[in-house]
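**Student:** Got a structure here, written out as structure tokens. Questions coming.
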Amino acid sequence: MKKRIYYWVAEEFVNRPIISEVVLKTRIMINILMAKIKPHESFLMLELNGDKNQLNDAMNILMKYGEVEDVPKMIQKDNNKCIDCGACVVHCPVKAIKTDEDYSIVFDEKECIGCKNCVKVCPTKAIEILDI
Ligand code: SF4
Ligand code: SF4
């Protein structure tokens, strides 16, 4: 199972190796998609990969040190602007963008790692990435 979350870390725990603790205790895989670390607080976007028990255990540890919120959607395509040119498809490093049966371009949000390559190459500015 894959779960994406926003994670806010309170000031007193900013210097604590929370991610390492979660990985060591639960053996879950964590991908840090975005991070803004400040002296008094941190904001991260994390992708957790594991089974249901691992996810529950990881969430419990994370919530001891900060607040968690689900990331509902990372990438958004404006279909009114997209011309299905396919430029984004070839620049996606994780094959999260595909050509559908009707040759329209579709995004797989579960696979997207938020690298923004597609945003940069899109000629019509049809793609938006959620930021923190
Ligand atoms: S942001 Fe990066 S990973 Fe996500 S769809 Fe665009 S190119 Fe692919
Ligand atoms: S690069 Fe932009 S216009 Fe071209 S297929 Fe991708 S989203 Fe659509």
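**Student:** Being within 26 Å of residue 16 (Cβ to Cβ) and either loosely packed, with under 12 Cβ neighbours inside 10 Å or not assigned by TED's automatic domain parsing to the domain that holds residue 25 (or both) narrows it down to one residue among 45, 63, 59; which is it?
**Tutor:** Values: 45 fails: either loosely packed, with under 12 Cβ neighbours inside 10 Å or not assigned by TED's automatic domain parsing to the domain that holds residue 25 (or both); 59 fails: either loosely packed, with under 12 Cβ neighbours inside 10 Å or not assigned by TED's automatic domain parsing to the domain that holds residue 25 (or both).
After ruling out the rest, the residue left standing is 63.
**Student:** A further question follows. Starting from the range 24-42, keep only residues that are surrounded by 14 or more Cβ atoms within 10 Å (Cβ to Cβ), then list their pairs with residues that are of a type in the set (Asp, Glu) whose Cβ atoms are within a distance under 6 Å, requiring at least 6 positions of separation or different chains.
**Tutor:** Final answer for the pair search is 26/57; 33/47; 41/11.
**Student:** While we're looking at this one, here's another question. Does residue 55 meet the test of being more than 10 Å from ligand 1 (Cβ to nearest atom), modelled with pLDDT of 90 or more and not in a helix (DSSP H, G or I)?
**Tutor:** Details: more than 10 Å from ligand 1 (Cβ to nearest atom): yes; modelled with pLDDT of 90 or more: yes; not in a helix (DSSP H, G or I): no.
Spelling it out, it is not the case that residue 55 is more than 10 Å from ligand 1 (Cβ to nearest atom), modelled with pLDDT of 90 or more and not in a helix (DSSP H, G or I).
**Student:** Which condition from (1) loosely packed, with under 14 Cβ neighbours inside 10 Å; (2) over 17 Å from the mean Cα position of the chain (by Cα); (3) within 12 Å of ligand 2 (Cβ to nearest atom) is the one that residue 88 breaks?
**Tutor:** (1)
Results for (1) assigned to a helix (DSSP H, G or I); (2) among the aliphatic types (A, V, I, L, M), shown as yes or no for each residue.
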site	(1), (2)
30	no, yes
34	no, yes
39	no, no
43	no, no
48	no, yes
64	yes, no
89	yes, yes
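**Student:** Let me ask something additional. Just to be sure before I move on: is residue 128 acidic (Asp, Glu) and within 20 Å of residue 35 (Cα to Cα) in the structure I sent? Step through it out loud before you land on a result.
**Tutor:** Working: acidic (Asp, Glu): yes; within 20 Å of residue 35 (Cα to Cα): yes.
Against the criterion (acidic (Asp, Glu) and within 20 Å of residue 35 (Cα to Cα)), residue 128 qualifies.
**Student:** Just to be sure, is residue 28 closer than 14 Å to residue 68 by Cα and either at pLDDT 90 or above or charged (D, E, K, R) (or both)? Spell out how you get there, then give the answer.
**Tutor:** Values: closer than 14 Å to residue 68 by Cα: no; either at pLDDT 90 or above or charged (D, E, K, R) (or both): yes.
Judged against the criteria, residue 28 is not a match.
Residue-by-condition table, conditions (1) in contact with a strand residue (DSSP E or B) (Cβ under 7 Å, 6 or more places away or on another chain); (2) within 30 Å of residue 24 (Cα to Cα); (3) within 14 Å of ligand 1 (Cβ to nearest atom):
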residue	(1), (2), (3)
64	no, yes, no
74	yes, yes, yes
81	no, no, no
109	yes, yes, yes
123	no, no, no
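**Student:** Could you tell me whether any residue of the range 106-115 is within 12 Å of ligand 2 (Cβ to nearest atom), surrounded by fewer than 12 Cβ atoms within 10 Å (Cβ to Cβ) and either under 25 Å from residue 35 (Cα atoms) or at pLDDT below 95 (or both)? If you could, list the steps in order and put the result at the bottom.
**Tutor:** Pass one, the range 106-115, residues within 12 Å of ligand 2 (Cβ to nearest atom): 106-107.
In the following step, the residues that additionally are surrounded by fewer than 12 Cβ atoms within 10 Å (Cβ to Cβ) were identified as none.
So far as the range 106-115 goes, no, none of its residues is within 12 Å of ligand 2 (Cβ to nearest atom), surrounded by fewer than 12 Cβ atoms within 10 Å (Cβ to Cβ) and either under 25 Å from residue 35 (Cα atoms) or at pLDDT below 95 (or both).
The values are calculated or read from the model by the stated rules, or taken from the named source; none is laboratory data. Computed from a predicted structure; not experimentally measured. Counting neighbours? That spans all protein chains shown, and the Cβs are built from the backbone with ideal geometry, glycine included.
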